Amino acid sequence: MLLTCATVFGAAGLHADDYAEVRVERTRIIDLVWRGDGLESTLTSGDEGCCARVAGPAGSSFASSTTMDASAVLRQARRNARELGVRGEPLADRPPESGEYPCDVGEAPERVSLAEKTDLLGGYHASALAAHSAVAGALVYYRELVTDVELLTTEGTRIGYRRRDLTLQITVYADGGAARTAGSVSVGSGGDFSVARGLAPVIESAAATAVDLRGAPVVEPGSYDVVCDGPLAGVWAHETIGHLAEADHHRGDAELRKALAPGRRLGPSGLTIIDHAGHPGARGYVPVDDEGTPGGQVDLLRDGVVVRPRLHDRSTAAAFGEAPTGNARALNFRHPPLPRLRTIMIDPGTAGDEELIGGVDRGLLARGVLGGQTDRSGFTFLPAECRAIRDGRVGGLVRGVVLSGDVLGAFGAIDAIGRDQWRGDTSASCGKQGQYPLPVSSWAPALRLRGLRVHPG
Amino acid sequence: MSTLAERVAEIGAAAAAHADHWEVLGVDRVDTVVEVGSGVPDAVRSAHEAALCLRVHRAGRVGTVTTTGPDDAGALVRHAVRSAAYGPPASPPARPSPAPGRSPAAEPADDGEGGAARAVRRLAEGLGALQSAVGLTMHGTVSRTEQTVHRMAPEGHQEGRDRFFHVSALAEGAGTSGIQLPWNGWTRSAALPAGLASWLSTAAGWAGLPVLDAPSREHDVLLAPTAVHTLLTPLVTALSGTAAVSGRSFAAAGLGVPLLHTSISLRDHPSPPPAGDEEGTEGLAWPGSDDDGVPCAPLTLIDSGVPARLYHSHRTAVACGDVPTGHGFRGNALRRTMLRPITPVLNGATLSAEDSETGRFDDLLGGVRDGVLIESLMGGQQRGGLSPIVEGRIRLGFLIRHGRVAGVLHPCAVALDLREVLGARFLGLTEHRWAVSRIWSGRMPFVLASAGGGRA
């Protein structure tokens with residue numbers, strides 16, 4: 001810890017009934033990009049700054065700056081609060097937090113040289129391009145952040161910790177004539193570079209998918225039973241019940257509060273979905289949030305029934321008379337914390353792969369996510385790969401699959417939950433109100449959904 | 001000379017001693033933001049960002065570093081040189097701007113009485129006044145941005161600065177339909193653009209309409225500017241040098257081959273001040289050059305229905321054997337983000353149609369006997385330039401019967417092929433355009449396509 005309460009708050013001219021918090025961050029970033037037929041860029045960055053939030057009778061405000069003078073930023077926040085006169089919202093009480101949180105798991109990326117990284121990742125790019133004569137291009141995008149964070153509040157919270165995030169996205173494109181086709185590899189970690197090693201076999205498989213998709217038939221539009229693998233099911237849970245549970249969405253939305261009222265059944269017995277602080281080394285590991293609230297577990301659905309439908313920061317917790325849940329997260333010092341997801345988990349069920357597939361007459365096996373969008377009512381997802389299922393057997397690839405449906409209606413369509421829970425991280429991150437890419441994790445088994453709407457793209 | 005300008009010059013001098021070629025980009029930006037909930041200011045933020053980027057060419061390779069910290073010039077150059085040891089091969093430096101120096105941006109607008117903070121506050125209160133006037137609940141964000149950009153290279157020094165307001169509003173209806181109408185726009189003075197009030201007055205009459213299903217038979221499709229932006233996104237993506245270099249553009253190989261209706265053109269030409277625009281927003285700054293130092297100039301991407309040009313950063317132009325077009329920015333021209341690489345981006349695209357029916361929104365609406373008005377769509381970015389088809393959902397749409405909006409659509413799946421909607425089915429567009437910004441920025445009209453243009 002470099003900051004002290006006396007030096008930061010003492011010079012800011014706060015009143016006795018003002019609440020203030022200061023967050024200081026120093027981040028080192030490495031971005032490496034290969035695109036087309038070669039290395040596109042290597043970028044190393046130092047990104048540091050601080051932010052301050054004040055709330056008191058004179059008003060509330062948030063200020064940030066790339067200068068490291070926390071007291072000056074605090075004074076700016078006070079000045080804004082006074083001049084712009086926005087009434088502060090109450091914050092839910094919780095005990096002051098202090099401590100440091102270990103994050104060393106696996107092979108720390110900052111201990112791997114830039115030379116070794118460029119050799120390894122450049123090799124992946126070259127192998128993707130060489131995988132088949134029909135491969136038209138490949139994208140390799142690696143990003144690594146190592147951030148030291150300090151948080152101080154006038155209530156006595158005093159926290160310092162290091163967080164890491166690394167992501168690697170590899171997409172292989174094949175020339176399909178009328179339409180380009182793609183296969184992808186996506187890995188991530190909260191600080192273990194070893195997840196980026198040994199990927200040659202999966203890159204070869206992604207290239208094969210891109211090439212094979214060229215000759216695959218375009219899916220017929222209609223209603224299908226869809227078996228989603230763990231990575232796709234995890235993203236689906238995040239984008240549906242996860243975002244709906246962010247408590248700021250519940251403010252002023254009586255319909256949403258009614259739809260997620262505790263005790264309401266949304267899905268089948270056996271469907272349990274939880275947001276929690278995650279495990280060290282995972283991207284969605286948030287032992288303490290950006291307001292200093294330690295991470296707890298929130299049971300969103302248990303056995304298909306809504307239990308605790310809101311993920312809180314201190315402001316929303318006060319508004320609903322509930323306890324903060326440790327979900328107040330900010331992308332970096334430029335942003336105030338918002339209720340955000342951390343690690344969303346679907347509990348494993350009982351179905352084996354044979355049962356999941358065997359129960360489908362006409363359907364699709366969807367793996368991974370290429371893209372997607374949701375709002376509070378609907379979703380569309382593009383699986384990274386789809387295979388037809390006919391009479392309980394997995395067939396060949398189909399292309400152009402777009403899954404869509406109603407966010408809440410889809411829970412009722414689940415009729416089987418796989419017994420193996422997938423727990424790997426991908427490069428997929430979360431975006432909300434301009435704060436992207438926020439690292440998150442999802443743990444999920446395969447799910448089978450009956451009668452999902454599918455149309456070709 | 002400002003502190004930032006001095007730092008840029010100092011770093012340039014240090015780099016000159018260690019690099020074969022060098023470029024320094026510095027940005028200093030102050031944002032003041034007021035958020036509005038239900039017509040009342042409910043949150044205040046401010047941000048000061050000072051950031052520098054140094055790119056060096058050394059022994060045939062490129063190294064790039066960025067910092068927001070107080071690193072001394074020597075240390076920054078050492079980091080850049082070290083990065084260059086593992087960097088991509090250097091291409092010849094961009095040709096310098098023919099007119100280095102002050103950008104042709106307009107002089108920053110005056111904040112008026114009370115200074116920056118009160119100017120933002122006045123705009124935010126304007127959203128509250130609109131709420132009272134039109135009867136829709138207003139949420140949104142009003143921000144004031146003041147940005148100075150310095151670029152220095154051996155060829156010279158360029159400086160650009162501007163000050164503007166951005167309004168992002170969401171008007172919510174109280175009826176059972178629960179409509180939410182988004183609106184985005186820029187203004188150079190602390191007054192709400194006239195287009196916002198006009199549109200909300202029109203839309204307020206739709207708030208109490210019944211919620212209905214989209215017609216199953218073929219029907220006309222009227223697309224609002226936000227939906228037109230989504231529809232064009234696959235094409236705009238496919239015409240970027242980035243997609244062409246990646247081998248994932250469906251349009252790059254088809255330059256010169258007719259794709260859209262022969263009347264349609266798509267041009268990138270940020271509005272040169274002080275000409276202004278249809279909304280009375282007085283235009284936005286037009287940088288003298290992009291972040292590669294290539295002069296910004298108008299570019300016709302689609303000419304009479306035919307894809308004519310790709311837009312490039314210096315790097316993608318070299319990779320494609322093409323000419324740089326002045327579209328290489330870190331982030332975009334309005335908001336430089338040093339942590340992002342330089343990529344080609346459109347900052348002021350407009351869609352127009354020669355010799356096709358144009359008119360006011362009411363004229364297009366009145367000509368629809370049976371159709372849908374799509375306000376916003378989901379799904380435009382999903383395939384990243386791989387396909388000209390937008391497949392996804394209608395986020396907000398309206399049913400049209402006999403030239404009038406008759407109901408609010410249930411959200412539903414949709415697939416729109418831009419080659420059809422802006423091709424054989426294209427009927428016309430409005431002469432007025434609205435600012436739309438997501439991934440790329442432009443001013444889009446309402447577009448009408450005949451029956452069969454959509455499969456909702």
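Things worth noting here:
- The one condition from (1) crowded, with 19+ Cβ neighbours inside 10 Å; (2) within 14 Å of another protein chain (Cβ to nearest Cβ); (3) without any contact (Cβ under 8 Å) to a residue 40 or more places away in the chain that A:Val185 does not meet is (2).
- Only listed residue being farther than 30 Å from B:Ile179 by Cβ and crowded, with 21+ Cβ neighbours inside 10 Å, chosen from A:Pro348, A:Pro309, A:Pro324: A:Pro324
- Some residue of region B:387-398 being surrounded by 22 or more Cβ atoms within 10 Å (Cβ to Cβ), modelled with pLDDT of 90 or more and not aliphatic (A, V, I, L, M): yes
- Among the numbered conditions (1) part of a loop (DSSP other than H, G, I, E, B); (2) touching a residue at least 40 places away in the same chain (Cβ under 8 Å); (3) crowded, with 17+ Cβ neighbours inside 10 Å, the only one that A:Pro90 does not meet is (3).
- Only one entry of B:Ala133, B:Ala153 meets the criterion of being surrounded by fewer than 21 Cβ atoms within 10 Å (Cβ to Cβ) and either aliphatic (A, V, I, L, M) or at pLDDT below 85 (or both), and that entry is B:Ala133.
- Among residues of region A:309-325 that are under 21 Å from A:Glu21 (Cα atoms) and modelled with pLDDT of 95 or more, those with a Cβ under 8 angstrom from a residue that is among the aromatic types (Phe, Trp, Tyr) and surrounded by fewer than 24 Cβ atoms within 10 Å (Cβ to Cβ), sequence gap 6+ or separate chain, pair up as A:His312/A:Phe320.
- Test: residue in region A:364-381 that is over 22 Å from A:Gly188 (Cα atoms), of a type in the set (S, T, N, Q) and in contact with a Pro (Cβ under 8 Å, 6 or more places away or on another chain): yes
- Residue that is within 25 Å of B:Gly321 (Cβ to Cβ), surrounded by 18 or more Cβ atoms within 10 Å (Cβ to Cβ) and at pLDDT below 95, where the choices are B:Ser83, B:Ser97: B:Ser97
- Restricting region B:24-50 to residues that are of a type in the set (Val, Ile, Thr) and in contact with a Leu (Cβ under 6 Å, 6 or more places away or on another chain), the residue that is farthest from the other protein chains (Cβ to nearest Cβ): B:Val24
- Count - residues of region A:399-421 that are surrounded by fewer than 19 Cβ atoms within 10 Å (Cβ to Cβ), part of a strand (DSSP E or B) and more than 14 Å from every other protein chain (Cβ to nearest Cβ): 1
- Remark: A:Ser205 matches the filter, which requires a residue to be under 14 Å from A:Gly183 (Cα atoms) and small (Gly, Ala, Ser).
- Where A:Gly36 falls short, out of the listed (1) within 12 Å of another protein chain (Cβ to nearest Cβ); (2) over 30 Å from A:Phe193 (Cβ atoms): (2)
- Within region A:255-272, the set of residues being surrounded by fewer than 20 Cβ atoms within 10 Å (Cβ to Cβ) and part of a loop (DSSP other than H, G, I, E, B) comprises A:Ala261, A:Pro262, A:Gly263, A:Arg264, A:Pro268, A:Ser269, A:Gly270.
- Selection within region B:318-367 - within 19 Å of B:Asp292 (Cβ to Cβ) and in a strand (DSSP E or B): B:Gly328, B:Phe329, B:Arg330, B:Gly331, B:Arg336, B:Ile342, B:Thr343, B:Pro344
- Scanning region A:42-89 for residues that are modelled with pLDDT of 90 or more and more than 19 Å from A:Val8 (Cα to Cα) yields a count of 6.
- Residues that are modelled with pLDDT under 90 and among the aromatic types (Phe, Trp, Tyr), drawn from region B:300-351: none
- Odd one out for A:Gly198, checked against (1) surrounded by 19 or more Cβ atoms within 10 Å (Cβ to Cβ); (2) part of a loop (DSSP other than H, G, I, E, B): (1)
- As for region A:443-456, it holds at least one residue that is part of a strand (DSSP E or B), more than 25 Å from the chain's Cα centre (by Cα) and on the phi > 0 side of the Ramachandran plot.
- Those residues of region A:48-73 which are over 14 Å from B:Ala50 (Cα atoms), in a strand (DSSP E or B) and more than 9 Å from chain B (Cβ to nearest Cβ), in sequence order: A:Ala52, A:Arg53, A:Val54, A:Ala55, A:Gly56
- Only one entry in A:Ser98, A:Ser61, A:Ser113 is of a type outside the set (Lys, Arg), under 30 Å from A:Tyr285 (Cα atoms) and buried (at least 18 other Cβ atoms within 10 Å of the Cβ), namely A:Ser61.
- A:Ala70 closer than 30 Å to A:Pro287 by Cβ, touching a helix residue (DSSP H, G or I) at 6+ places or on another chain (Cβ under 9 Å), buried (at least 22 other Cβ atoms within 10 Å of the Cβ) and not charged (D, E, K, R): yes
- Filter pass, A:Asp420 being over 28 Å from A:Thr167 (Cα atoms), of a type in the set (Asp, Glu) and modelled with pLDDT of 90 or more: no
- Of the residues making up region B:71-91, those that are under 25 Å from A:Asp69 (Cα atoms) and facing chain A (nearest Cβ under 8 Å) number 2.
- Among (1) modelled with pLDDT under 90; (2) surrounded by fewer than 18 Cβ atoms within 10 Å (Cβ to Cβ), the one test that B:Thr281 misses: (2)
- Within region A:360-394, considering residues that are at pLDDT 85 or above and not in a strand (DSSP E or B), the one surrounded by the most Cβ atoms within 10 Å (Cβ to Cβ): A:Val360
- Residue that is farthest from the other protein chains (Cβ to nearest Cβ), among those in region A:329-350 that are of a type in the set (S, T, N, Q) and assigned to a loop (DSSP other than H, G, I, E, B): A:Thr350
- Qualifying position, being within 14 Å of chain A (Cβ to nearest Cβ) and either of a type in the set (A, V, I, L, M) or within 23 Å of B:Thr202 (Cβ to Cβ) (or both), among B:Leu373, B:Leu399, B:Leu418: B:Leu418
- Considering B:Leu235, B:Leu200, B:Leu196, the condition of being at pLDDT 90 or above, part of a helix (DSSP H, G or I) and not basic (Lys, Arg) is satisfied by B:Leu235 alone.
- All conditions but one from (1) within 10 Å of another protein chain (Cβ to nearest Cβ); (2) modelled with pLDDT under 90; (3) surrounded by fewer than 23 Cβ atoms within 10 Å (Cβ to Cβ) apply to A:Ala6; the one that does not is (1).
- Test: B:His21 is more than 8 Å from chain A (Cβ to nearest Cβ), crowded, with 19+ Cβ neighbours inside 10 Å and touching a strand residue (DSSP E or B) at 6+ places or on another chain (Cβ under 9 Å): no
The values are calculated or read from the model by the stated rules, or taken from the named source; none is laboratory data. Here the structure is a predicted model, which is why all the values come from computation and not from measurement. Cβ atoms come from the backbone with ideal geometry, glycine included; neighbour counts cover every protein chain shown.
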